[in-house]
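Take a look at the structure below.
The values are calculated or read from the model by the stated rules, or taken from the named source; none is laboratory data. Since the structure is predicted, the reported quantities are computational estimates derived from the model, not experimental observations. Glycine gets a Cβ as well: all are built from the backbone with ideal geometry, and neighbour counts include every protein chain shown.
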Amino acid sequence: MKIGILGGGQLARMLALAGLPLGCEFAIFSPDRQSCAAPLGRQMRADYDDEVALSRLAAWSDVITFEFENIPAQALQFLTRHAVVRPGVEALRLAQDRLLEKQLFTQLGIPCAPFQPADSLADLHQAAQSVGLPAVLKTRRQGYDGRGQVVLHHIDEFAPAWQLLGGQPAILEGLVAFDRELSVFAVRAVTGETIFYSISENIHHDGILRLAVSRPDDPAQKQAEQHADRLLKHLDYVGVLALEFFQVGDQLLANEYAPRVHNSGHWTIEGAATSQFENHLRAITGLSLGSTALNGVAATINLIGSIPDNTEILRNYNAHLHLYGKTCKPGRKVGHITLCADSMQQLQLQLPGLLRLAGAGDVCVKVDSGHHKKSNTGGDA
């Protein structure tokens, strides 16, 4: 099976690593000269609006997928006329715009924070009357890892915040004091069969995901699955989708969805019977889905900006190191560590040392209690 991937980052790399043992071949389509996924397949370096190059990708591929949301929707629309593209363009288009995404949640009866569009400074003042303060002003498009957003507490902050975000079309969301950030990963086959992984509890620092922990038998699992299933059916989705939530008491408020494999699910590589990456490939190629059963419990620790001493990491025989082959620079995800354990108590004992090695020693690791009051200013994972 020949699979074309739009984007050449670490998610494309991990998809290829999961697919090579299945006999899959890959074409990595990216304008990046230093695509870290390129060594694992046929490199096709071109801009996403290059229809000649896109035609070559379509002709070569049995199915085409994508690894991140900033692929122009027009590229997928073009490819859809010439090839099988999974997931579809509508899932991408809606995920690219925070306003359309929140409107979709509301349409489907999936709870989320109060929101209003703000296309001008005057709109922002009007939106604040409806949403209230404090609130978070976010650009509708392109924001990730905490970028493109400002917390507002007072009306005199409106004009500076609007200028800081460049006067782009925006959305104002009510600031949510949440107990936990969670995500659920669903896999939906061409037949409509849908399976779920155990939810992940996620901890961000400076807007970037630093720690994700598997949560088997969590009380929020059923509610998360119901919301995700509604979204999958509406989109007629094929592949892996991640839906992120803020938990407030017993209620889950949807934050955003990712129409792709997801950083908070990296622990599935060693921590589940079938990884999210393999299951995405199984889904889009029409193969039977693999088991999502857990191998104990697991956590992902992101390596941000630099790579610690490998020897120290691997002294822990339950730790698995993944390096992405990317140049180190501040704020960039350059790798991750998966820590596996037989129990949450064992995981709790081993996490602090690895977090310190990863430069995240200040990240809260009391994952046994699962409640850390924060607010909805986190970034994309």
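If you check A273, A293 for being in the same structural domain as I337 (by TED's automatic domain parsing), touching a Leu at 6+ places or on another chain (Cβ under 9 Å) and among the small types (G, A, S), only one passes: A273.
If you scan the stretch 23-34, which residues turn out to be small (G, A, S) and either part of a strand (DSSP E or B) or modelled with pLDDT under 95 (or both)? Listed by number, the list holds a single entry, A27. Within the stretch 4-21, is even one residue of a type in the set (A, V, I, L, M, F, W, C), under 19 Å from the mean Cα position of the chain (by Cα) and part of a strand (DSSP E or B)? Taking every residue of the stretch 4-21 in turn, at least one turns out to be of a type in the set (A, V, I, L, M, F, W, C), under 19 Å from the mean Cα position of the chain (by Cα) and part of a strand (DSSP E or B). When the criteria are applied in full, A272 fails the requirement of being more than 30 Å from Y317 (Cα to Cα), of a type in the set (A, V, I, L, M) and out of contact with any Asp or Glu (no Cβ under 6 Å at 6 or more places or on another chain).
Looking only at residues of the stretch 1-54 that are of a type in the set (D, E, K, R) and in contact (Cβ under 8 Å) with a residue 60 or more places away in the chain, we find that the one that is nearest to T327 (Cα to Cα) is R13. Being more than 21 Å from D97 (Cα to Cα) and either assigned to a strand (DSSP E or B) or under 21 Å from the mean Cα position of the chain (by Cα) (or both) is the filter here; which residues of the stretch 153-180 pass it? Passing the criteria: A177, F178, D179, R180. Of all residues in the stretch 327-349, those satisfying the criterion of being more than 18 Å from A360 (Cβ to Cβ) and not in a strand (DSSP E or B) are T327, D342, S343, M344, Q345, Q346. Only helices (runs of 4 or more DSSP H) whose full extent lies in the stretch 186-294 are considered here, and the ones with at least 1 residues that are farther than 22 Å from F66 by Cβ and either small (G, A, S) or touching a Cys at 6+ places or on another chain (Cβ under 8 Å) (or both) are 221-235, 268-271.
Cβ-Cβ contacts under 7 Å between residues 6 or more apart (or on different chains), taken from a first residue in the stretch 264-289 that is acidic (D, E) to a second residue that is not in a loop (DSSP other than H, G, I, E, B), are listed as E270/A298; E270/H320; E270/T338; E270/C340; E278/A18. The number of residues in the stretch 193-224 that are surrounded by fewer than 22 Cβ atoms within 10 Å (Cβ to Cβ) and under 18 Å from H280 (Cβ atoms) comes to 4.
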